[in-house]
Amino acid sequence: MKEKLEQIKAEALKQIEAAGGTGAQALELLNEIRVSYLGKKGELTALLKGLKNVASEERPMVGQMVNEVRGEIEEVLAGATEKIKAAALEERMKAEAIDVTLPAKKGYMGHRHANTIALEEVERIFIGMGYEVVEGPEIETDYYNFEALNIPADHPAKDEQDTFFINGDFLLRTQTSGTQVHEMEKGKLPIRMIAPGRVFRSDEVDATHSPSFHQVEGLVIDRHITFADLKGTLAEFARELFGEETRVKFRPHHFNFTEPSAEMDVSCFKCGGKGCRFCKGSGWIEILGCGMVHPNVLTMSGINPEEYTGFAFGVGLERIALLKYEIDDMRLLYENDIRFLRQF
Ligand code: DAH
């Protein structure tokens with residue numbers, strides 16, 4: 001009997017030792033070994049069942065021996081199971097390990113578009129002079145884009161702007177000037193506002209034209225506003241934008257919504273006015289349209305022109321960005337070529 005027990009034990013331990021490995025398969029194998037020795041139909045259990053054939057005075061001793069062997073096999077099994085689980089854990093940790101010495105992925109920070117930088121510069125200047133920044137709708141009615149700006153249906157000035165009409169009455173705004181009307185209709189005076197935004201014209205794309213571009217509209221309405229206020233304000237704007245030594249020049253012009261109207265030129269910031277390639281030899285660069293708000297425009301928006309006067313102006317935002325950064329083709333601003341955009 002004792003011999004038989006020793007034999008079973010040796011056999012079991014050998015099998016357990018052979019069942020190395022790290023995975024679920026090894027654990028399964030250990031379980032099979034457990035069942036085949038210690039299970040209900042296992043070899044040790046069978047030995048215990050055969051105890052009734054052993055002489056009664058020997059029975060306690062043999063029983064103890066069987067239990068001892070059982071305990072030993074159980075202990076070795078538990079140890080082997082632990083080892084397999086530990087090895088599996090270690091393997092997983094190794095697989096999931098993060099190598100902190102690897103060079104990091106380069107994160108590229110986006111940055112503002114040249115147009116946006118130019119806009120923020122314009123906003124900074126006018127906010128500094130006490131202006132409010134407002135926005136108007138990109139889809140307008142004929143009334144706000146033309147009629148209320150003193151451009152009646154049959155006026156040739158309307159033909160000058162190649163408009164995207166949605167239907168007879170709705171259109172994509174061709175200018176930000178309609179924002180003036182929205183602002184005046186609110187009935188709150190005085191007004192000191194700029195209105196940046198996108199505008200649309202059915203223009204062919206070339207170095208200086210795009211069917212969609214941006215303007216910044218300006219409007220001031222109060223008592224006793226004169227052309228002197230317009231000149232002082234826009235001259236200050238030009239100096240802040242292009243440098244302290246910048247001079248301005250106003251040329252008479254025509255806009256339906258202002259009377260008198262003018263275009264403002266700035267002295268070329270490249271050559272200081274002597275004339276160079278940049279200003280095409282003239283020493284001056286055209287920068288914006290402006291004028292005193294036409295009495296008809298005030299009246300249509302419910303403001304009494306006998307009591308209030310005002311001035312207005314409109315700047316092309318792309319034009320400022322192109323000038324400031326000396327870009328000679330407007331299309332570059334829209335092509336989204338990162339090599340180009342990164343320069344600003
Ligand atoms: N809306 C004009 C344009 O698109 C620009 C402009 C000129 C706006 C004179 C004004 C202004 O407010 O007074 O060409």
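Select from the range 172-191 the residues that are within 14 Å of the ligand (Cβ to nearest atom) and either farther than 23 Å from Val133 by Cα or touching a residue at least 40 places away in the same chain (Cβ under 8 Å) (or both) and list them in ascending order.
Scanning the range 172-191 gives Gln175, Thr176, Ser177, Gly178, Thr179, Gln180, Val181, His182, Glu183, Met184, Ile191.
Report, by residue number, each residue of the range 176-187 that is open to solvent by 10 Å² or more (accessible area, probe 1.4 Å) and out of contact with any Ser or Thr (no Cβ under 8 Å at 6 or more places or on another chain).
Once the filter is applied, which keeps residues that are open to solvent by 10 Å² or more (accessible area, probe 1.4 Å) and out of contact with any Ser or Thr (no Cβ under 8 Å at 6 or more places or on another chain), the range 176-187 yields His182, Glu183, Lys186, Gly187.
Can you name the condition, by its number, that Ile221 falls short on among (1) touching a residue at least 40 places away in the same chain (Cβ under 8 Å); (2) of a type in the set (Val, Ile, Thr); (3) away from the ligand (no atom under 14 Å from the Cβ)?
The single condition Ile221 does not satisfy is (3).
Please verify whether Leu149 is of a type in the set (A, V, I, L, M, F, W, C), away from the ligand (no atom under 14 Å from the Cβ), closer than 18 Å to Val220 by Cα and more than 33 Å from the chain's Cα centre (by Cα), treating the condition exactly as stated.
When the stated conditions are applied, Leu149 does not pass them.
With the requirement that a residue be in a strand (DSSP E or B) and not hydroxyl-bearing (Ser, Thr, Tyr), what does the range 197-212 give you?
Residues satisfying the conditions are Gly197, Arg198, Val199, Phe200, Asp206, His209.
If Arg342 meets every condition in (1) in contact with a Ser or Thr (Cβ under 8 Å, 6 or more places away or on another chain); (2) modelled with pLDDT under 95; (3) not polar (S, T, N, Q) apart from one, which number is that one?
Evaluating Arg342 over (1) in contact with a Ser or Thr (Cβ under 8 Å, 6 or more places away or on another chain); (2) modelled with pLDDT under 95; (3) not polar (S, T, N, Q) leaves (1) as the failure.
Return only the number of the condition from (1) buried (at least 16 other Cβ atoms within 10 Å of the Cβ); (2) without any contact (Cβ under 8 Å) to a residue 24 or more places away in the chain that Glu120 does not satisfy.
Here Glu120 meets the rest and fails (1).
Restricting attention to the range 124-146, which residues are charged (D, E, K, R), touching a residue at least 24 places away in the same chain (Cβ under 8 Å) and open to solvent by 40 Å² or more (accessible area, probe 1.4 Å)?
Glu132, Glu135, Glu138
Going through Thr233, Thr258, Thr226 one at a time, which residue ends up being under 28 Å from Asp142 (Cβ atoms), in contact (Cβ under 8 Å) with a residue 12 or more places away in the chain and polar (S, T, N, Q)?
Thr258
Would you pick out the residues in the range 194-205 that are away from the ligand (no atom under 11 Å from the Cβ) and in contact (Cβ under 8 Å) with a residue 12 or more places away in the chain?
Result: Pro196, Gly197, Arg198, Phe200, Ser202, Asp203, Val205.
Taking the options Arg70, Arg112, name whichever one is at pLDDT 85 or above, within 30 Å of Gln25 (Cβ to Cβ) and either surrounded by 11 or more Cβ atoms within 10 Å (Cβ to Cβ) or over 37 Å from the mean Cα position of the chain (by Cα) (or both).
The unique qualifying residue is Arg70.
Check Asp159 against each of (1) farther than 29 Å from Glu236 by Cβ; (2) charged (D, E, K, R); (3) open to solvent by 70 Å² or more (accessible area, probe 1.4 Å); (4) modelled with pLDDT of 95 or more and name the one condition it does not meet.
Exception for Asp159: condition (4).
What number of residues within the range 38-66 satisfy the criterion of being open to solvent by 70 Å² or more (accessible area, probe 1.4 Å), more than 13 Å from Ile8 (Cβ to Cβ) and assigned to a helix (DSSP H, G or I)?
Final tally of qualifying residues: 7.
Within the range 268-283, is there a residue that is touching a residue at least 12 places away in the same chain (Cβ under 8 Å), touching a Ser or Thr at 6+ places or on another chain (Cβ under 7 Å) and within 20 Å of Met129 (Cα to Cα)?
No, because not a single residue in the range 268-283 is touching a residue at least 12 places away in the same chain (Cβ under 8 Å), touching a Ser or Thr at 6+ places or on another chain (Cβ under 7 Å) and within 20 Å of Met129 (Cα to Cα).
The values are calculated or read from the model by the stated rules, or taken from the named source; none is laboratory data. Predicted, not measured: the structure shown is a model, and the values here were computed from it. Here the Cβ is made from the backbone with ideal geometry for all residues, glycine too, and neighbour counts use every protein chain on show. Keep in mind that these areas ignore ligands, DNA and RNA; they rest on the heavy atoms of the full protein, side chains included. Shrake-Rupley method; radii C 1.70, N 1.55, O 1.52, S 1.80 Å.
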